[in-house]
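Nothing in this text is a laboratory measurement; each read-out follows from the coordinates by a stated rule. Please read these numbers as outputs of a predicted model, since none were measured by experiment. Here Cβ is always computed from backbone atoms with ideal geometry, including for glycine, and neighbour counts include all displayed protein chains.
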Amino acid sequence: MDSLKIQGGVPLIGEIAISGAKNAALPLLACGLMAGTGSLRLGNVPDLADTRLMKALVRHLGVEWSEDGEDIILSGEAQSYVAPYDLVSQMRASILVMGPLLARYGEAQVSLPGGCAIGTRPVDLHIRAMQKMGAIVELADGYVQARAPKGLSGAKIEFPLVSVGATENALMAACLAKGQTQLVNAAKEPEIIDLAACLVSMGAKIEGAGSDVITIEGVDSLHNGAHSVVPDRVEAGSYAIAAAMTGGALTLTNMHSSHLESLFEAMRQAGVSINTQENTAQISSDGRYQAVDIETQPHPGFPTDLQAQFMAMMCLAEGRSKISETIFENRFMHVPELMRMGADITIEGRTALVTGKASLLSAPVMATDLRASVCLVLAGLATKGETEVSRIYHLDRGYADLESKLGACGAKLVRVAN
């Protein structure tokens, strides 16, 4: 497995263009199963391990994709309704083909998914949503087996807790259900708004995306559509934190500043200089900043996908910070690795108490999940000496061209094949 060797202690200075969002691209690729006899053209799709896997999955199901310049075109009818273990086990978002298959073809068999080991993240909310719309769902032989021989019917679906994935699956399925569907306590993330916009371009009738109640009027079929994937707010946030930790100055382009208000507010409280325009942000710091408490929450709260990166930043802050994780029950797996670098962190249940230090120590560390991997890269960038981050296949799932983007801004890092 490859590793990343980092010679840290160099301020990052320059400009980074943000790629399309992984968490938006995956459900959008699943929408290719719903395009009828037409096609779906997607722009700004990031080239990542996860997007390549989703393309492989939809192709396995029978939908072909091709590249036209920087766009991806998906077309064709599904020939199989079975999403197999060998593909689904590698990425949790594979469950998102269930709603499109069930709505369009009346049948779906999806292996129970895998992905980052950051918590149980059960699929019961996805299943309950399909059942509410009339599907017959069983768990057998490690698969979710769902049937709707007479099609899906509109329903009022009240989620007991906010779930981005379940909202996405229900939203896609409802577009082809008979009658009206209402999603209550729906996720409000920018990726939900992006998915709705893509479906509308294909002929869906959706109102309220971005609020906690989404209303969908089912249509008989969808048609040709075109959409550009929203910029990746997590990638942008990660690089913003990198600028602060290294005492650098970065300009981030091709991003939506409004999607990062909670992060930027916390960073400003810490003393980091942040100037934003609609699609750009300038972040600068002398590398000295204050400790700030945060608590992860569904959007528009502080994103769980930026918790590990912000914790790395707090390891070098002046004072003591409290970081509370409310979304996933096992998302502190990066803590032992940060402590190998000399970080002072104490875990109390779902809260981490971080006492900042003037500097960290270079050390070999191991990535345990996607966001933990970039957290360790940020720590390495801010630490003098050589830090080696192993198991960076996690990193390849969510950050496109990370080495070249950081390298262009002065970072000294090289990928080593092991």
What GluC sites (Glu not before Pro) in region 211-319 are in a loop by DSSP, with at most 14 other Cβ atoms within 10 Å of the Cβ?
278
Using only Cα atoms, what Kirkwood radius does region 22-228 have, in angstroms?
16.4
For region 22-228, what does the relative contact order come out to in percent, with C-alpha contacts under 8 Å and a separation of six or more?
21
For the chain, longest principal axis from Cα atoms; helix 164-174 axis from its Cα atoms; angle between them, nearest 10 degrees, is 20
Taking neighbour Cβ counts within 10 Å as the exposure measure, how do 414, 272, 213 sort from fewest upward?
414, 213, 272
Is it possible to state the helix-based mean residue ellipticity at 222 nm for the chain, with each DSSP H run of 4+ residues giving -39500 (n - 2.57), the sum divided by total residues, to the nearest 500 deg cm²/dmol? What is it?
-8500 deg cm²/dmol
Hey, what angle do you get for helix 261-270 against the long axis of the chain, alpha-carbon based, 0 to 90 degrees rounded to 10?
10
From the phi angles alone, apply the Karplus equation (6.51, -1.76, 1.60; θ = phi - 60°) to region 402-418 and give each ³J(HN,Hα) in whole Hz, x where the residue is Gly or Pro.
4, 4, 6, 5, 6, x, 5, 9, x, 5, 10, 8, 9, 7, 10, 7, 10
Taking the chain and dividing mean pair separation by its residue count, relative contact order in percent (alpha carbons under 8 Å, at least six apart):
21
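What is the order of 325, 64, fewest Cβ neighbours within 10 Å to most?
64, 325
By how many nm would the segment from residue 207 to residue 64 grow when fully extended, if each residue of separation counts as 0.36 nm and the alpha-carbon distance is taken off? Intermediate values should be presented prior to the final figure.
Details: separation 143, 0.36 × 143 = 51.48 nm, distance 2.99 nm.
Here the segment from residue 207 to residue 64 would lengthen by 48.5 nm.
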So the FRET efficiency between residue 275 and residue 2, C-beta based with R0 = 30 Å and rounded to 0.05, is 0.25
Could you tell me the center-to-center distance, by alpha carbons, between region 58-72 and region 264-305 in angstrom?
37
Figure the gain on full extension for residue 348 and residue 52 (residue separation times 0.36 nm, minus the Cα-Cα span) and round it to one decimal in nm.
102.8 nm
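Within the chain, what is the longest stretch that has no trypsin sites (Lys or Arg not before Pro) placed in a DSSP loop and near at most 16 other beta-carbon atoms within 10 Å?
1-149
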As I understand it, the value is the acute angle between the Cα axis of helix 233-246 and the longest principal axis of the Cα atoms of the chain; what does it come to in degrees, rounded to 10?
0
Once you place label points 7 Å from the Cα toward the Cβ at residue 268 and residue 361, how far apart are they in nm?
3.8
Length released on extending from residue 156 to residue 330, taking residue separation times 0.36 nm less the Cα-Cα span:
59.5 nm
Grab every C-alpha pair in region 377-418, bin the distances at 5 angstrom width from 0 up to the longest one, and report whole percents.
5, 20, 31, 32, 11, 1
